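Data first, discussion second: the structure below is written as structure tokens.
The values are calculated or read from the model by the stated rules, or taken from the named source; none is laboratory data. Please read all numbers here as calculations on a predicted model, not as lab measurements. Positions of Cβ are generated from backbone atoms using ideal geometry, with glycine treated the same way; all protein chains shown enter the neighbour counts. What goes into the accessible areas is simple: the full protein's heavy atoms, side chains included, and nothing from ligands, DNA or RNA. Shrake-Rupley method; radii C 1.70, N 1.55, O 1.52, S 1.80 Å.
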Amino acid sequence: MAPDIAKDHTRTAPEPHLVLHTNSDLAIIFHDLFQEGVLVDAKVGTTVQTFLCEVLGLTPQYVEERIQTIFLNGKAVDDPLSAVIADHAAIALSAAMPGLLGATLRKGSYYAAMRGEISHEGENNLHPHEGKVLLKLFNLIPGEIGSFILGRGVWLKGDSLKKFLEKRLLRLLEGCLRADIDGKSVDLKKLLQQEWPADAAVFLRVCFL
Amino acid sequence: MDQLLRIDMGAQGGPKVTVTEPGEYEGLGGRALTSAIISKEVPPLCHPLGADNKLVIAPGLLSGTAAAMSGRLSIGCKSPLTGGIKEANAGGQPSQMIARLGYAAIVLEGKPEDGSLYKIFINKDGVKIIPDGSLKMLGNYDLVDKLKGEYGDKIGVISIGPAGEMKMSAASIACTDMEVRPTRHAGRGGVGAVMGAKAVKAIIIDDAGMKMRSPKDSKAFQEANKKWVEGIRKHPVTGQGLPTYGTNILTNVINEAGGYPTHNFMWGRFEGCTKISGETQAELENARGGEGSATHGCHRGCIIRCSGTFYDKDGQYITKQPEYETVWSHGGNCGIDDLDAIAMLDRLDDDFGLDTIEMGATVGVAMEAGLAKFGDTQGAINLVKEVGKGTPLGRILGNGAAVTGKVFGIERVPVVKGQAMPAYDPRTVQGIGVTYATSTMGADHTAGYAVTANILGVGGKVDPLKPEGQAELSRNLQIATAAVDSTGMCLFVAFAVLDQPETFQSLIDMINSFYGLKLTADDVTALGKSVLKNEKDFNLRAGFTSKHDRLPEFFKKEPLPPHDIVFNVSDKDLDSVFNW
């Protein structure tokens with residue numbers, strides 16, 4: 001399950017919102033975030049297929065052909081139409097993978113029996129409501145849909161954002177044109193000095209130009 | 001490519017060369033040939049390091065031709081690590097070169113008693129066997145540099161490092177790559193120790209003046225090869241995923257599945273996974289740049305190019321791009337999340353001539369024994385250096401995880417038939433546990449790797465959702481793999497074959513047009529079965545029983561987080577794998 005970073009009900013102040021306006025060639029540096037996972041607002045209590053197509057905006061063809069491996073809370077999904085996402089569920093998406101394991105973990109794999117212990121069992125308990133999902137994107141997928149998701153905005157823990165900014169500041173200084181925190185423009189160089197709530201959520205949106 | 005080059009290293013008066021017709025081995029290549037010779041000619045109860053063992057080095061059926069991806073070299077013997085039959089294979093240049101020189105295999109026999117260390121030079125004019133004491137205890141990198149100085153830089157080299165000379169059971173045999181670097185290793189089972197026992201430090205191959213092997217039906221072969229290349233290039237795994245990220249693309253996904261063995265198989269997820277993932281590795285290599293950084297082939301004719309070249313932060317060459325198995329064994333398995341440290345460990349392994357899977361697993365066991373702490377990068381490097389130096393501790397470690405576990409009284413030792421397990425926990429993906437347990441090779445992920453079984457129709461149709469089908473699937477995969485291993489094809493072609501029947505057909509068409517045959521999928525299946533039959537038969541005569549086809553006890557007793565599952569395939573199911 002996802003860490004409970006957006007459920008901090010003891011916080012009274014609204015969560016900080018950081019908006020970055022960057023050149024599109026900077027998109028690759030944000031792929032780190034997808035390896036670790038980001039929270040996205042979503043209608044939960046729906047199927048994986050609904051999440052992929054209606055929340056992430058992917059076409060059924062892309063889901064069918066491109067996303068070859070789906071994990072829901074670490075379990076391999078064979079049928080996106082029958083796996084239901086709970087609030088704060090973790091979902092990971094991957095393109096086709098090499099190796100026997102790559103073939104075995106694919107959705108609907110001929111070799112699915114070999115990983116029966118971690119196959120996700122479908123369910124029909126649909127009860128749609130608003131929530132959040134921890135989304136991880138691996139290998140080719142972040143390069144194809146990551147920019148769109150970042151453009152809508154994601155949630156991540158303050159210390160995760162801090163680590164990201166520390167690691168990527170030089171690249172951001174090269175290709176980021178503007179940064180706004182809660183609607184106010186800030187000096188990029190001062191992003192590192194910004195106090196982010198360590199264990200609570202920060203909303204990050206990236207506008208690629 | 002139809003002659004056997006036999007070299008009796010123990011002949012009276014010095015090593016003796018005999019070139020023979022293939023006879024009963026005609027039409028075999030790669031693993032089919034190595035296992036046939038070992039099964040027929042090596043006494044199963046012989047000492048692996050004794051004069052009666054043989055080391056068979058065989059290109060695949062299509063090696064030396066224009067067929068893309070056909071550069072795998074099989075090396076077989078009785079294994080000093082497992083005590084059973086062994087086939088380890090490697091990429092690099094030598095397979096193509098040996099095939100073009102006309103040899104179906106090089107067979108090293110006997111054992112010299114004079115204490116000399118030899119190099120063997122093979123070119124179109126014949127074979128020279130030369131004692132050369134100056135090569136003693138050289139690392140593979142210095143060795144190859146020295147040989148290039150003597151024979152030029154167009155050679156291919158098959159060699160051992162100090163570990164092979166010291167006859168360690170984790171010793172590998174190195175094959176040089178396109179840059180004539182000793183980076184491609186037949187790693188598993190201690191094949192390097194057998195080469196060391198034969199007192200052969202290096203085989204230098206020069207194929208100058210030789211042409212590519214000619215098919216019987218050139219037009220049909222060219223057409224089939226064209227379709228073959230198209231099929232590999234258009235598939236998302238072989239055309240995109242592997243070239244972009246290499247095999248380490250698997251790290252994040254296996255970790256997500258909870259099947260990434262961490263801290264000597266204690267947990268199924270590694271906290272530092274994203275720091276050593278294929279995505280992170282590719283970005284680092286691309287940022288550092290340099291020739292062949294993130295995408296590079298291991299031999300000419302490779303169009304997948306899943307490898308790369310690892311440079312340090314100052315642009316100095318360190319090693320080839322460490323593969324998934326290496327990144328795991330020296331990385332997550334030892335709690336290490338530093339790609340530079342992992343690359344250094346890979347370099348040391350390659351230089352000393354060690355199997356990276358066996359050494360990473362051994363270091364993991366040593367860490368559990370308290371020789372270093374999990375996550376201690378310098379501690380891990382120091383342990384591997386002990387092996388290179390041949391200290392008493394190094395001698396223990398260099399003989400693998402099983403020996404190390406026994407010496408230090410560790411219960412959690414991830415081996416089958418004495419060979420360390422690769423990077424997939426069998427509790428999470430139990431079907432691969434069936435292959436680990438029952439493979440003739442010991443714990444070996446590649447023994448059931450060729451995900452072509454359904455295309456081949458091996459064993460008929462299996463219900464993929466039937467839980468009890470695991471033994472059946474493993475059997476079919478092992479049969480298919482044995483067949484692919486005999487062609488000289490890289491196993492990664494299996495993904496294009498799995499999804500694209502026309503690509504599989506083009507592979508069959510290449511073999512048929514090259515040899516003037518009319519093979520069908522059934523014939524390919526029969527070949528795979530015959531390979532396994534030879535291997536199983538050898539192991540039975542060597543004293544193996546069904547009790548050796550088992551995983552270590554802890555896999556049945558220790559639930560693996562995060563899914564908290566144990567290995568639960570019954571012994572009865574395991575024993576059914578070889579019933580056909």
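In summary, chain B shows an alpha-carbon radius of gyration equal to 0.88 times the 2.2 N^0.38 Å reference for compact globular proteins. Rounded to 0.05, the FRET efficiency of the B:Ile130 and B:Thr20 pair, given R0 = 22 Å and the Cβ-Cβ distance, is 0.45. Per-residue Karplus couplings for segment B:152-161, computed as 6.51 cos²θ - 1.76 cosθ + 1.60 with θ equal to phi - 60°, are listed in order as x, 9, 9, 8, x, 10, 10, 8, 10, x Hz, Gly and Pro entered as x. Note on A:Gln193 and B:Ser546: the model spin-label points, each 7 Å out from Cα along the C-beta direction, lie 7.4 nm apart.
Rounded to the nearest 10 degrees, the angle from helix A:141-152 to the longest Cα principal axis of chain A is 50 degrees. What the phi angles of segment B:117-130 give under the Karplus curve with 6.51, -1.76 and 1.60, with θ = phi - 60°, is a coupling list of 10, 10, 10, 10, 10, 10, 9, 5, 8, x, 10, 10, 10, 10 Hz, glycine and proline written as x. Got a number for carbon plus sulfur as a percent of segment B:430-575's accessible area, 1.4 Å probe? Carbon plus sulfur share of accessible area: 55 percent.
Can you give me the Cα centroid spacing of segment B:210-237 and segment B:1-20 in angstrom? Centre-to-centre distance over Cα atoms comes out at 34 Å. Shown for segment A:76-98: residues covered by the partner protein chains by 30 Å² or more of accessible area relative to the chain by itself (probe radius 1.4 Å), namely A:Ala96, A:Met97, A:Pro98.
Each residue of segment A:161-177 was assigned a 3J(HN,Hα) from its phi angle through the Karplus curve 6.51 cos²θ - 1.76 cosθ + 1.60 (θ = phi - 60°); the sequence is 5, 4, 4, 4, 5, 4, 6, 10, 4, 4, 5, 5, 5, 6, x, 9, 8 Hz, with glycine and proline shown as x. Translational diffusion of the protein assembly as shown was estimated from the Stokes-Einstein equation, with Rh taken as the Kirkwood radius over Cα pairs; at 25 °C and 0.890 mPa s the coefficient is 91 µm²/s. As a ratio to 2.2 N^0.38 Å, the alpha-carbon radius of gyration for segment B:430-575 is 1.13. Model label points for B:Gln3 and B:Tyr151, set 7 angstrom from Cα along the Cα-to-Cβ axis, are 1.7 nm apart. Here the accessible area of segment B:3-205 is 46 percent carbon and sulfur, with a 1.4 angstrom probe and all protein chains present.
The calculated FRET efficiency for B:Gln240 paired with B:Gln12, based on their beta-carbon distance and R0 = 51 Å, is about 0.35. Between A:Lys184 and A:His129, what FRET efficiency comes out of the Förster formula 1/(1 + (r/R0)^6) with R0 = 45 Å and r the beta carbon distance, rounded to 0.05? Computed FRET efficiency for A:His129 and A:Lys184 comes out at 0.85.
Highest mobility in the GNM of chain A, judged by mean-square fluctuation with C-alpha springs under 10 Å and restricted to A:Val19, A:Val186, A:Val44, is found for A:Val186. Pairing chains A and B buries close to 3800 square angstrom of accessible surface in total, based on protein heavy atoms and a 1.4 angstrom probe. Relative to the current alpha-carbon distance between B:Met137 and B:Ser218, full extension at 0.36 nm per residue lengthens the span by 24.5 nm.
Between their Cα atoms, which of A:Lys132/A:Lys167; A:Lys162/A:Lys190; B:Lys86/B:Lys406; B:Lys111/B:Lys136; A:Lys136/A:Lys189; B:Lys40/B:Lys124 are more than 19 Å away from each other? Over 19 Å apart, Cα to Cα: A:Lys132/A:Lys167; B:Lys86/B:Lys406; A:Lys136/A:Lys189; B:Lys40/B:Lys124. When DSSP beta bridges are restricted to pairs lying wholly in chain A, around 70% turn out antiparallel.
Annotation for B:Asn568 and B:Ile303: the two label points, set 7 Å from Cα along the Cα-Cβ direction, are 4.6 nm apart.
Nonpolar atom fraction for segment A:17-208, defined as the carbon and sulfur part of the 1.4 Å probe accessible area, stands at 49 percent. Normalised radius of gyration (Cα atoms, divided by 2.2 N^0.38 Å) for chain A: 1.06.
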